[in-house]
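Written below as structure tokens is the structure these notes are about.
The values are calculated or read from the model by the stated rules, or taken from the named source; none is laboratory data. Quantities reported herein were computed from a predicted structural model and do not represent experimental measurements. Cβ: placed from backbone, ideal geometry, glycine included. Neighbour counts: every protein chain shown.
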Amino acid sequence: MNGNIKDHGNFKHGLTEHRLYRVWAGMKNRCKTNKSNGEYYHQRGIIVCQEWHKFINFYNWSIVNGYKKGLTIDRIDNNGNYEPLNCRFTTYSKQNSNKRKYQSMPRNNLIFNES
């Protein structure tokens, strides 16, 4: 689908099979649970902005702001929230260069070095 989709309240958008729906659901899940892939988004206070709690708002922002198949969502500031001014779509390799670095310490404690 190209272009914006309007929110019609409980209207079924028919996009649950779209890749952006999985991106949106994963983003929300990372922020609401205590641990996701060792990143601890919830414990770090990272949230999804209120506007993006509705999938259709996230979908429309994504289409206008560079989403293409093969790209991934990236937070520009790794300590910032998932919100329009802090997110972009980029390649996996560029996203991998924009993540926190950490080293394991005894007893499973982690020390994070901000990049």
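Selection of the range 41-62 for residues being over 18 Å from residue 80 (Cα atoms) and surrounded by fewer than 16 Cβ atoms within 10 Å (Cβ to Cβ) yields only 54. Remark: pairs (first residue in the range 71-84, within 14 Å of residue 49 (Cα to Cα) and free of Cβ contacts under 8 Å to residues at least 60 places away in the same chain; second residue outside any loop (DSSP other than H, G, I, E, B) and charged (D, E, K, R); Cβ separation under 8 Å; 6+ apart in sequence or on different chains) = 81/75; 82/75; 83/51; 84/51. Checking each residue in the range 52-78 for being outside any loop (DSSP other than H, G, I, E, B) and either in contact with a His (Cβ under 9 Å, 6 or more places away or on another chain) or more than 15 Å from residue 31 (Cα to Cα) (or both) picks out 55, 56, 57, 58, 59, 60, 61, 62, 63, 64, 72. Within the range 23-44, residues that are at positive phi reach partners that are at pLDDT below 80 and assigned to a loop (DSSP other than H, G, I, E, B) with beta carbons closer than 8 Å, at six or more positions or on different chains, in the pairs 40/34.
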